[in-house]
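Chemist: One structure follows; several queries about it will come next.
The values are calculated or read from the model by the stated rules, or taken from the named source; none is laboratory data. From a predicted model like this one, the values you see are computed outputs, not experimental measurements. Cβ atoms come from the backbone with ideal geometry, glycine included; neighbour counts cover every protein chain shown. Calculation scope for accessible area: heavy atoms of the full protein, side chains included, ligands and nucleic acids excluded. Shrake-Rupley method; radii C 1.70, N 1.55, O 1.52, S 1.80 Å.
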Amino acid sequence: MMRILFLRLTPERLWPVHRCLLRFSLPLILLLALCGVCGWGQSLAIEHVTVIDATGHAAQPDSTVVIDLDRIVAVVSGEKTHILKNAQIVDGTGKFLIPGLWDMHVHGASDARAPWSQLLFVANGVVGVRDMSGPPNARMWRAAQVSNPGPSPTIDLGSPIVDGPNPVWPDSIVVSDEAQAREVVDQKQQRGADFLKVYSRLPRNVYFAIADEANKRGFPFEGHVPELVTAAEASNAGQKSIEHLTRVADGCSKEEVEIDSEMQRVEALFRAPGATMAQKIDSGKNILQLNMRVVTSFDEATAQSLFALFVKNGTWQTPTLTLLRAQIDNPLPENDPRLKYLSKEMRAQWDAGYYRKLPPEPRAAMAKLTKAQLDESMRLVGLMYREGVPILAGTDAMNPQCFPGFGIHDELALLVDAGLSPLAALQAATRNAAQFMGQLGRRGTIEAGKIADLVLLNEDPLVDIRNTRSIRAVVLNGKLYRRAALDAMLSRAQVLASR
C-alpha cells in the first residue's frame, strides 16, 4: 500500500514526503529506497564522504548521501547503508561534500549574449545566482529557457534597474514621480520578476512610494540605497537587501548628516549642465575628500546602533568585497588563466573599466580611496557578522575582474579575511541564500528532502575556505558532473566566448 501511494506522487511533490519519512526509523527509509520506491530516474550515492551540511552542525565523517532524481533521500553517518538499485556510486573517501554555492549578486546570467557565463558558474560549483538586472519580462524569459538543454544555474531574477532621472546606466527604467513608482512595482511583479532592483539616483519621494507599494504587494525590493536616503531609512522602509554596503559606511559615521549635505551640494555642481571641465575636476576632488571623510569619521557606537536596526528589520547585506578588491587589482595580469573564458566584448569593457584611463594624479587618488574603502568595508563586515546581521555572498560578476563562477571563491576568501568563520562564509553562499529567498525548506543545506545541488571537494573548506576551489564533482538537480565533465564545460565556455 505504501508503495502504491508513493508511485502516485510526482517528483515535484516527493520532497515533503521524504521529510515526513524522517519520522520513521532510518532502516525503513533505506528499505523503501532499496525496494525502488524512489525509482523514477537516475539514482546516486556518494559514499564515505565528510558531509559539511551548512546547517551549523559539525562535519559528519564517513557518511553516505543517497539521491534519487533531483532529491536527497537520506544522509547516513557511520553505519552500513543500503543503496538504491542501479544507483551510480561515487567514492567520497577523503573528500568533503558541501551544498551547491549561490552567487547572490551577478549580472548577465539571463543575457543570451553570454551563454558561456552559465557554464562557468556550474563548472565552479555555483548552482544558483541572483541576477541583479534582469530582462523586461521575466515570464517570457523563463518560458524561452524551457528548451535550453545545457546545464545552467537556477536564477533568482530581478527586474531591470529602476533609477531616477539622469540614471547611472542608460538602459535603466527611469521613474520620476510617485505614480510611476507604483506603476513599475505593479508591472514588474505582473511580469514575473522575483524582486524589484532599486538604484542610486531615485528621488526620496519616489523611493518611498516604491517601498510602500512593494510592501503592500509583498514584492521584495533590493539593491542600492539611493543617494538621498540613509541606510537606516532604507532598512525601516523594508528594503530586503543592501548591495555593496551602499550608504552603510555613511550610516556608521558620526558626521553623516553634515557629509550628506555637503556631498549633495558638490555632486549637483559636478552634474550641472553648464559645468566646465575645471569645475568638474574641482568637484571630483571634493567628492573624493568627502568619501575619505566618511571612512575617517567612523564611530563604533553609531555603527552598532545601525547594525542592531538591520537585525531587527531583517535587512540583509551583500558586501561584494570582490568588486572593491578588483578595482585595486586592476588590471589583472595578462597571464591570468581565467581571462580566456571571456568574450572579446567583455574583455574590451573590462579594459575600459574603472579609472584606468584617468590622468596619474586623480588615478592615484582613486586608488588610495578604494583601498581605504575596502579596508573599511572589511571592518564593517566583520562587525556586522559579530552583531548578527545576515550576510550573503555575492561578486557583482561581469564587472571588471569579477569573474562568473570563479569569483564566488574569491568572495568567500574575502569574507573570512573580514572576520567570518569558514563555516559562516560557506553559509553565506548556501544556507543564507536559501533563507533569503524563502526556499530554505527545499535547498541550501544537505538534508533529506532537499534538492540535490552539491559540490564534492578534494580538500576541507573548514580548514581553509580557499579549498572550495578544489572541486572534484558537482551535482546539479541530482545530475552528477565529474571532473572531466566540468573541464569539458570550461572548454565549451572558452569556445563560446571566442565566437
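Chemist: Here's a check for you: in the stretch 194-244, which residue that is part of a helix (DSSP H, G or I) and of a type in the set (Asp, Glu) is least open to solvent (accessible area, probe 1.4 Å)? It would help to see each step written out before you state the result.
Modeler: Here is the first cut: in the stretch 194-244, the ones part of a helix (DSSP H, G or I) are 204-217, 231-237.
Subset that is of a type in the set (Asp, Glu): 212-213, 233.
On the way: Asp212: 58, Glu213: 27, Glu233: 59 Å².
Within the stretch 194-244, the match that is least open to solvent (accessible area, probe 1.4 Å) is Glu213.
Chemist: Something else now. Show me the helices (runs of 4 or more DSSP H) found entirely inside the stretch 10-128 where at least 3 residues are at pLDDT below 60.
Modeler: 11-21, 26-34
For (1) open to solvent by less than 40 Å² (accessible area, probe 1.4 Å); (2) hydroxyl-bearing (Ser, Thr, Tyr); (3) in contact with a Lys or Arg (Cβ under 9 Å, 6 or more places away or on another chain); (4) part of a loop (DSSP other than H, G, I, E, B), each residue gets a yes or a no:
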residue: Arg139; (1), (2), (3), (4): no, no, yes, no
residue: Ser147; (1), (2), (3), (4): no, yes, no, yes
residue: Gly150; (1), (2), (3), (4): yes, no, yes, yes
residue: Val162; (1), (2), (3), (4): yes, no, yes, no
residue: Asn166; (1), (2), (3), (4): no, no, yes, yes
residue: Glu183; (1), (2), (3), (4): no, no, no, no
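Chemist: Looking at the stretch 474-498 only, could you name the residues that are of a type in the set (Val, Ile, Thr) and either touching a Lys or Arg at 6+ places or on another chain (Cβ under 6 Å) or assigned to a helix (DSSP H, G or I) (or both)?
Modeler: Val495
Chemist: Which residue pairs have Cβ atoms closer than 8 Å, lie 6 or more positions apart in sequence or on different chains, and pair a first residue in the stretch 420-435 that is closer than 21 Å to Asp396 by Cβ and in a helix (DSSP H, G or I) with a second residue that is open to solvent by 30 Å² or more (accessible area, probe 1.4 Å) and among the small types (Gly, Ala, Ser)?
Modeler: Pairs found: Gln427/Gly56.
Chemist: Being charged (D, E, K, R), farther than 30 Å from Arg113 by Cβ and surrounded by fewer than 19 Cβ atoms within 10 Å (Cβ to Cβ), is that true of even one residue in the stretch 372-380? Break it down stepwise before answering.
Modeler: Of the residues in the stretch 372-380, the ones charged (D, E, K, R) are 375-376, 379.
Remaining after also requiring farther than 30 Å from Arg113 by Cβ: 375-376, 379.
Checking which are surrounded by fewer than 19 Cβ atoms within 10 Å (Cβ to Cβ) leaves us with 375, 379.
The answer is yes; a qualifying residue exists.
Chemist: Here's a check for you: in the stretch 278-330, which residue that is under 30 Å from Leu342 (Cα atoms) and exposed (fewer than 15 other Cβ atoms within 10 Å of the Cβ) is modelled with the highest pLDDT?
Modeler: So, considering only residues that are under 30 Å from Leu342 (Cα atoms) and exposed (fewer than 15 other Cβ atoms within 10 Å of the Cβ), the one modelled with the highest pLDDT is Ile328.
Chemist: Further, regarding this structure: Go over the candidates Ile446, Ile451, Ile408 one by one and state the one that is closer than 27 Å to Leu342 by Cβ and either modelled with pLDDT under 95 or of a type in the set (Val, Ile, Thr) (or both).
Modeler: Ile408
Chemist: From the residues in the stretch 245-287 that are in contact with a strand residue (DSSP E or B) (Cβ under 9 Å, 6 or more places away or on another chain) and assigned to a loop (DSSP other than H, G, I, E, B), which one is farthest from Pro165 (Cα to Cα)? Full working, then the answer.
Modeler: Of all residues in the stretch 245-287, those in contact with a strand residue (DSSP E or B) (Cβ under 9 Å, 6 or more places away or on another chain) come to 245-246, 248-249, 252-254, 259.
Next cut, assigned to a loop (DSSP other than H, G, I, E, B) only: 245-246, 252, 254.
Details: Leu245: 23, Thr246: 19, Cys252: 28, Lys254: 30 Å.
Among residues in the stretch 245-287 that are in contact with a strand residue (DSSP E or B) (Cβ under 9 Å, 6 or more places away or on another chain) and assigned to a loop (DSSP other than H, G, I, E, B), the one farthest from Pro165 (Cα to Cα) is Lys254.
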